[in-house]
Amino acid sequence: MSGPIIRVEGLRKSFGEREVLRGIDLEVAAGEVVVVIGPSGCGKSTLLRCLNHLESPTQGRIWLRGELLGLREKDGRLVPRPEAEVDRQRTHIGMVFQRFNLFPHMTALGNIIEAPMRVKGLSRAQAEERGLRLLERVGLLDRKDEYPARLSGGQQQRVAIARALAMEPEVMLFDEATSALDPELADEVLQVMQDLAREGMTMLVVTHEMGFAREVAHRVIIMDAGVVLEQGPPSVIFTRPTQPRTREFLRKVL
Ligand code: ADP
Ligand code: MG
């Protein structure tokens with residue numbers, strides 16, 4: 001399709017008195033890999049959660065594939081979408097969190113086939129065929145019958161990625177997917193993310209992994225205190241940022 005996969009206009013989000021997102025405008029094109037960095041508490045997770053409608057915006061609009069997220073037009077006014085429609089919209093977005101969030105009572109394969117069967121109505125055989133393909137893609141075919149507790153953190157996170165991919169999302173959101181992992185295990189997850197990017201997946205990635213940002217991102221967005229401070233290709237952002245706050249932040253993390 002033409003047009004951006006994600007479009008965000010004037011997004012604001014408050015929790016009580018506290019305004020956490022203070023007017024975000026953002027577009028992500030098909031196949032684009034956008035890395036979001038910024039200090040802790042600046043609103044990165046809240047932004048991703050709004051994109052997946054885990055939080056509803058206080059103000060502003062989000063479109064997914066040209067379709068308004070969480071809202072629809074009725075008699076010339078915007079009204080909330082029914083929950084079933086929001087769920088359908090969510091199926092187009094895969095999300096991987098810092099915590100692995102696998103179902104502990106299901107095997108690796110069980111975790112992956114659950115949603116495609118329940119939400120997309122795939123037969124067990126169809127879901128398993130897809131699940132096995134995805135496990136192979138993340139290098140874990142031989143662990144298909146293991147329960148999460150018997151997998152390393154890196155393996156669990158790769159299963160979580162496979163589980164998200166099983167819904168055939170059009171965009172993948174990653175929220176510090178490797179922050180809880182030792183460097184070695186983080187690397188195997190970053191490798192899977194890099195492969196995905198190479199295959200053309202549209203990705204919005206919150207990460208502290210500056211190596212990933214440099215090598216894989218098409219665009220880096222610097223957030224600070226609920227706004228986009230500056231954005232551009234990594235080659236520019238990392239070598240000649242224009243904003244003093246960006247320089248200050250990069251000095252701490254590079
Ligand atoms: P980041 O991911 O960049 O570290 P977050 O988006 O998690 O930042 O949080 C931004 C701010 O919003 C923080 O001050 C956090 O405490 C606050 N916040 C996030 N979620 C909630 C919530 N559900 N209720 C109240 N405050 C929240
Ligand atoms: Mg966060």
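The values are calculated or read from the model by the stated rules, or taken from the named source; none is laboratory data. Everything quoted here is computed from the prediction, not taken from an experiment. Positions of Cβ are generated from backbone atoms using ideal geometry, with glycine treated the same way; all protein chains shown enter the neighbour counts. SASA here: full protein model, heavy atoms, side chains in, ligands and nucleic acids out. Shrake-Rupley method; radii C 1.70, N 1.55, O 1.52, S 1.80 Å.
Some notes on this structure:
- Taking the DSSP beta bridges with both ends in segment 62-172, the antiparallel portion is around 75 percent.
- Sites ARG247 and SER179, calculated FRET efficiency, Cβ-Cβ separation with R0 25 Å, nearest 0.05: 0.60
- Taking every C-alpha pair closer than 8 Å and separated by at least 6 residues, the mean separation divided by the residue count of segment 106-254 gives a relative contact order of 17 percent.
- Shape call, the chain: gyration tensor on alpha carbons, a/c limit 1.5: oblate
- Partners for LYS13 among aspartates and glutamates (Cα-Cα distance below 14 Å; same-chain residues under 8 apart left out): ASP25, GLU55
- For segment 155-241, the alpha-carbon radius of gyration amounts to 1.12 times the rule-of-thumb value 2.2 N^0.38 Å expected for a compact globular protein.
- Helix-only [θ]222 nm of the chain, DSSP H runs n ≥ 4, -39500 (n - 2.57) each, per residue, nearest 500: -10500 deg cm²/dmol
- Straight-line cross-link reach from LYS252 at under 21 Å between alpha-carbon atoms covers these lysines, not counting any fewer than eight positions away in the same chain: LYS44.
- Of all DSSP beta bridges in segment 146-254, antiparallel share, percent nearest 5: 50 percent
- Once C-alpha pairs closer than 8 Å and six or more residues apart are averaged by separation and normalised to the residue number of segment 48-182, the relative contact order reads 32 percent.
- Rounded to 5, percent antiparallel among DSSP beta bridges of the chain: 60 percent
- Dipole magnitude (debye, nearest 20) for segment 149-254, charges at Cβ of Lys, Arg, Asp, Glu: 340 debye
- Dipole magnitude of segment 1-110 about its Cα centre (Cβ charges: Lys, Arg +1; Asp, Glu -1), debye to nearest 20: 160 debye
- Extension gain from ASP195 to PHE15, taking 0.36 nm per residue of separation minus the Cα-Cα distance: 61.1 nm
- In Å², nearest 10: area of LYS120 left accessible to a 1.4 Å probe: 80 Å²
- Lysines with Cα under 26 Å of LYS120, excluding same-chain neighbours fewer than 8 positions away: LYS144
- Carbon/sulfur fraction of accessible area - the chain, other protein chains in place, 1.4 Å, %: 47 percent
- Cα gyration tensor category, rounded, prolate or oblate, for segment 9-158 with a/c compared to 1.5: prolate
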